[in-house]
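J.: For reference, the structure I am asking about is given below.
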Amino acid sequence: MTSIGEEIHPEDDKSSFIAKEVLDNKDGTLLKAHLPDGYWEESWDFLTKNWIPLIANAFEFFEFATFAYEVEPISHNFSNGNETIVWVIFSVAFLCRPIGGIVVGYLGDFVGRKPAFRIASISVVISTFLQGTVPSQYAGGDTGRHVGLVLLLMLRVMQGLGIGGEVSSGIILLAENSKRKHVGITLGWLTVSSGLGFMLASFSAALINTVMNDEDVIRYGWRIPFLLSVIPGAYLLYLLRTLEETAVFKKFSEGGGPEASMLNANIIKRLVAFVLCHAGVASFWYVACIYVFDWLRDTQNAEADGFGASELLWIATFQNAVQLPASLIFGAALDVYGLTSMFILAMGSALAFGLPTFALLDSFGAQTYLMILGPGLLFGIIAGAIGSAAALLAVDIFPPEFRHRGIGLAFNLSVMIFGGLGPAWAELGEGYIPVAPGVLVGVCAAISFVTFLFFAQYLLPPENKPSFDIMCC
């Protein structure tokens with residue numbers, strides 16, 4: 001199986017992916033590796049011509065994170081303060097994502113990447129805006145609360161179906177238009193857009209909680225990000241008219257098109273491999289990077305240590321800001337060292353630091369230095385690393401004629417089980433284990449690490465990359 005970039009850029013010989021120097025030290029070990037000349041300039045040029053999927057990706061993560069950061073005021077509007085019900089509603093969108101992923105995936109593989117992306121994006125933009133308009137306890141009394149809860153649930157279903165197709169479309173559009181030697185940094189930029197969406201969500205929530213009192217946030221402040229989303233959403237839909245179809249789709253569609261059925265042993269084992277490899281990514285994003293702040297507030301009583309709602313949201317904003325440069329650094333490292341080395345490093349870091357960080361916070365409380373170094377700095381770096389590596393794994397593990405359906409199903413199935421439902425699993429476990437969120441993150445990271453090490457890496461195209469124990473110039 002060829003890897004991304006080779007399908008449409010055969011002139012990119014694998015040996016030219018990196019500029020490298022071999023020093024004669026008797027055993028011929030590759031000692032140094034560095035990026036080829038013009039790497040950053042060419043990458044930036046590609047970005048300026050292919051930035052629309054990045055906008056769409058940022059929009060998706062902005063909405064999902066906004067809902068998660070506003071769980072407390074939303075719960076007072078629709079469930080009498082019961083946050084578990086709101087987390088279940090949050091999870092409903094994830095339950096629908098695999099369905100949306102496979103439906104839009106069929107469109108992407110049989111009709112085109114471009115129309116699939118547009119249909120999914122329209123669904124996301126409309127459903128996001130309407131979530132800010134539903135009646136509630138404070139805008140309709142008990143009747144408003146009941147009607148609003150049903151409408152909110154329906155809109156989350158609509159949004160989940162759309163996002164299930166949009167995220168896979170964005171990954172594919174960027175990767176298939178990229179040369180192989182730039183694909184790591186290209187998907188690094190995709191992870192930057194995810195982090196930017198998270199950061200804008202946490203920033204807006206932090207700002208609202210800082211400038212408004214608690215009562216006003218509960219009454220109407222939580223609606224503001226959803227209502228304002230119509231501005232970038234409308235702009236995104238306008239931009240989507242200019243998208244170009246990928247050369248990869250044109251190539252295999254001209255050759256007879258994709259196979260109709262995914263029910264063959266080769267594709268099924270790739271689906272299983274990716275679902276398990278992505279378990280650690282999904283749980284880290286949605287439990288370690290988002291739910292951790294809800295856990296700190298409710299379970300660890302962080303407010304007693306000086307971290308109320310607004311302070312926690314500012315730490316979340318710092319975490320998301322850290323993720324941006326980390327994504328680019330690890331994206332470039334993917335182009336130098338390859339997917340195998342970098343996925344093992346990234347997931348190994350999540351395994352090594354996820355649960356211990358939760359344990360430290362449980363033992364010492366929300367101390368300022370722990371908050372900055374743990375949920376802030378460390379989690380931000382790891383989120384950027386695993387995001388870039390997972391995106392490249394998604395496009396490399398599936399053949400192009402099955403790629404849209406494969407990513408649409410496997411990516412969203414993993415995010416549903418280990419990400420969207422992650423906060424609900426964590427809340428159920430906290431009655432037995434105080435650091436249940438950390439245990440969940442650790443177990444999922446271990447599953448991903450072992451799956452990739454002993455199974456998934458052997459399904460990937462061969463790499464001509466230096467071993468990771470070399471020194472990078």
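The values are calculated or read from the model by the stated rules, or taken from the named source; none is laboratory data. Every value quoted in this text rests on a predicted model; they were computed, and no experiment measured them. In this analysis, Cβ positions are derived from the backbone assuming ideal geometry, glycine residues included, and neighbour counts consider all displayed protein chains. Calculation scope for accessible area: heavy atoms of the full protein, side chains included, ligands and nucleic acids excluded. Shrake-Rupley method; radii C 1.70, N 1.55, O 1.52, S 1.80 Å.
J.: For the chain, take the longest principal axis of its alpha carbons; what is the angle in degrees between that and the long axis of helix 52-69, to the nearest 10 within 0 to 90?
T.: The angle comes out near 30 degrees.
J.: From the Cα gyration tensor of segment 399-459, with a ≥ b ≥ c the square roots of its eigenvalues, which class applies: rounded if a/c is under 1.5, or else prolate if a/b is larger than b/c, or else oblate?
T.: Numbers: a/c = 5.96, a/b = 1.79, b/c = 3.32.
Oblate is the answer for segment 399-459, as a/c is 1.5 or above yet b/c matches or exceeds a/b.
J.: So for the chain, considering every pair of alpha-carbon atoms, how many percent are separated by more than 33 Å?
T.: On the way: 37723 of 111628 pairs.
More than 33 Å apart: 34 percent of the Cα pairs in the chain.
J.: Another question about this same structure. Taking only the alpha-carbon positions of segment 138-290 and ignoring solvent, what does the Debye formula give for the base-10 log of I(q)/I(0) at q = 0.08, 0.12, 0.20 Å⁻¹?
T.: Log10 I(q)/I(0), no solvent term: -0.38, -0.82, -1.61.
J.: Taking the mean number of other Cβ atoms within 10 Å as a proxy for protection, how do you rank 390-397, 53-60, 78-85 from highest to lowest? All intermediate terms of the calculation are to be shown ahead of the outcome.
T.: Details: 390-397: 26.2, 53-60: 24.2, 78-85: 16.0.
Ranked from most to least packed, the peptides come out as 390-397, 53-60, 78-85.
J.: Right, here's the next one. Among 199, 218, 265, pick out the residue whose Cα is farthest towards the positive end of the charge dipole of segment 197-293, where Lys and Arg carry +1 and Asp and Glu carry -1 on C-beta, about the Cα centre.
T.: Looking along the dipole axis, the top candidate is 265.
J.: If you don't mind, another one. Just the accessible area per residue of segment 357-473, please: how many Å² with a 1.4 Å probe?
T.: Details: 4180 Å² over 117 residues.
I get 36 Å² per residue for segment 357-473.
J.: In nanometres, what is the gap between the two model label sites at residue 44 and residue 352, each 7 Å from Cα along Cα-to-Cβ?
T.: Inter-label distance under the simple model: 3.3 nm.
J.: On to the next question. Can you compute the charge dipole magnitude of the chain about its Cα centre, using +1 on each Lys and Arg Cβ and -1 on each Asp and Glu Cβ, nothing else charged? Give it in debye, rounded to the nearest 20. Working shown, then result.
T.: Values: 25 positive and 41 negative charges, 177 e Å.
Roughly 860 debye for the chain.
J.: Something else now. Say R0 is 51 Å: what FRET efficiency, to the nearest 0.05, do residue 430 and residue 37 get from their beta-carbon distance? Please report the intermediate quantities before stating the final value.
T.: Details: r = 53 Å, r/R0 = 1.04.
With R0 = 51 Å, the Cβ-Cβ based efficiency is 0.45.
J.: Treating the angle as unsigned and between 0 and 90°, give the value, to the nearest 10°, between the Cα long axis of helix 113-131 and the longest Cα principal axis of the chain.
T.: 10
J.: Still on this model: Among 74, 39, 128, whose Cα projects farthest towards the positive end of the dipole of segment 25-169, with charges put on the beta-carbon of Lys, Arg (+1) and Asp, Glu (-1)?
T.: 128
J.: For an R0 of 35 angstrom, estimate the FRET efficiency from the Cβ-Cβ distance between residue 345 and residue 238 and round to the nearest 0.05.
T.: Details: r = 40 Å, r/R0 = 1.14.
The value I calculate is 0.30.
J.: Set the Förster radius R0 to 56 Å, insert the Cβ-Cβ distance between residue 230 and residue 265 as r into 1/(1 + (r/R0)^6), and round the FRET efficiency to 0.05. Intermediate results must be reported in sequence, preceding the final value.
T.: Details: r = 46 Å, r/R0 = 0.82.
Once rounded, the FRET efficiency stands at 0.75.
J.: Take the alpha carbon gyration tensor of segment 323-473, find the square roots of its eigenvalues, order them as a ≥ b ≥ c, and report rounded if a/c is under 1.5; if not, report prolate when a/b exceeds b/c, else oblate.
T.: Taking the square roots of the gyration eigenvalues as a ≥ b ≥ c, segment 323-473 is oblate.
J.: Additional query: What order, most packed first, do the peptides 231-243, 347-359 have when packing is the mean number of other Cβ atoms within 10 Å of each residue?
T.: Highest to lowest by the protection proxy: 347-359, 231-243.
J.: While we're looking at this one, here's another question. Ordered by packing density, taken as the mean number of other Cβ atoms within 10 Å over each peptide's residues, highest first, how do 153-161, 166-174, 117-125 rank? It would help to have the intermediate numbers written out before the result.
T.: Details: 153-161: 21.1, 166-174: 28.8, 117-125: 23.8.
Result, highest mean first: 166-174, 117-125, 153-161.
J.: Give me the angle, in degrees from 0 to 90, between the Cα long axis of helix 265-277 and the longest principal axis of the Cα atoms of the chain, rounded to the nearest 10.
T.: Rounded to the nearest ten degrees, it is 50.
J.: Okay, next question. Per the helix-only calculation at 222 nm, which mean residue ellipticity applies to the chain, given -39500 (n - 2.57) for every DSSP H run of n ≥ 4 and division by its residues, nearest 500 deg cm²/dmol? Show your work: numbers first, answer last.
T.: Details: 21 runs with 321 residues, N = 473.
The helix contribution divided over the chain gives -22500 deg cm²/dmol.
J.: Multiply the residue separation of residue 214 and residue 122 by 0.36 nm, subtract the distance between their alpha-carbon atoms, and state the gained length in nm to one decimal. Working shown, then result.
T.: Details: separation 92, 0.36 × 92 = 33.12 nm, distance 3.32 nm.
That works out to 29.8 nm of additional length.
J.: Could you tell me which of the pairs 181/251; 181/269; 49/114; 181/250 are separated by over 18 angstrom between their Cα atoms in the structure shown? It would help to have the intermediate numbers written out before the result.
T.: Working: 181/251 20 Å; 181/269 27 Å; 49/114 15 Å; 181/250 21 Å.
Result: 181/251; 181/269; 181/250 exceed 18 Å.
J.: If we count every other residue with Cβ under 13 angstrom of residue 437's Cβ, Lys/Arg +1 and Asp/Glu -1, where does the sum land? List each step's numbers first, then the result.
T.: Details: positive: 297; negative: 294, 298, 362, 427, 430.
Here the charged neighbours net out to -4.
J.: Right, another one. In whole Å and largest first, what semi-axes does the C-alpha gyration tensor of segment 76-194 yield when each eigenvalue is scaled by 5 and square-rooted? Don't jump to the answer; show the numbers that get you there.
T.: Numbers: eigenvalues 236, 44, 25 Å².
Gyration-tensor ellipsoid for segment 76-194: 34, 15, 11 Å.
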